[in-house]
Amino acid sequence: MERRGFTYHPQPPATGNRVADINPYGLLTVAQAVDDGYGITSTALAVKPPADANAGESANDSWKDALLGTPAHRVDLRMPMERQFYYHSDSCVSDAKSRLFGPEHYKLYNTFQVLGDAVVDKARADPRYLAAQDSWRTCMKDAGTEAGTLGEPRTSVDQRLGRAGQDPAEIHAVAGVE
């Protein structure tokens, strides 16, 4: 950004994030489940997003174009499984990633994302996985919670927390469910 005549202030990460590392199947370890569930509710209560260090600059279209690039410099990448990805080669973000991770970063990173998704999709279609999910569904129902797939409890917590707004009693109820 500096080489292009702009100021950019690195953004510190938010504090208070307790969201559990999520595997692609939405499963928690026993320790995670006992400690804090998915960590969604506690994070919503504890997270303190930093003030936007670049708020003054982000209204400037030239500044945004330098940071994120322009459509005229769009690079389309073909991925396995007939997927596509694009980035803007004139962006300071892509320049930084190429310098940090190498010139093939976008292609390699997104190729591995697509292939990883394909592995998960294949596992989710396997009869053994489906049988295990059926067994889990029955266990959840016996425990008083209806859920059709392994990802539904997390989605349900997210949705309930969104509906709870800032109501402490509602948030506490969501935390109990989580």
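The values are calculated or read from the model by the stated rules, or taken from the named source; none is laboratory data. Treat the numbers as computed from the prediction; the structure is a model and nothing was measured. Every residue, glycine among them, receives a Cβ derived from its backbone with ideal geometry; neighbour counts consider all protein chains shown. Remember, those area values only see protein heavy atoms, side chains included, never the ligands or the DNA or RNA. Shrake-Rupley method; radii C 1.70, N 1.55, O 1.52, S 1.80 Å.
Side notes on the structure shown:
- Residue match in segment 75-83 (condition: part of a helix (DSSP H, G or I) and at positive phi): yes
- Among the residues making up segment 124-144, a single one is among the hydrophobic types (A, V, I, L, M, F, W, C), within 18 Å of Pro24 (Cα to Cα) and loosely packed, with under 10 Cβ neighbours inside 10 Å: Ala125.
- Taken together, the residues in segment 157-178 that are farther than 19 Å from Asp35 by Cα and part of a helix (DSSP H, G or I) amount to 8.
- All positions within segment 1-54 that are hydroxyl-bearing (Ser, Thr, Tyr) and either more than 30 Å from Arg137 (Cβ to Cβ) or within 18 Å of the chain's Cα centre (by Cα) (or both): Thr7, Tyr8, Thr15, Tyr25, Tyr38, Thr41, Ser42, Thr43
- Scanning segment 17-40 for residues that are part of a helix (DSSP H, G or I), open to solvent by 50 Å² or more (accessible area, probe 1.4 Å) and of a type in the set (A, V, I, L, M) yields Val30, Ala31, Ala33, Val34.
- Among (1) under 19 Å from the mean Cα position of the chain (by Cα); (2) in a helix (DSSP H, G or I), the one test that Thr138 misses: (1)
- Filtered residues of segment 60-94 (kept if charged (D, E, K, R) and crowded, with 16+ Cβ neighbours inside 10 Å): Lys64, Asp65, Asp90
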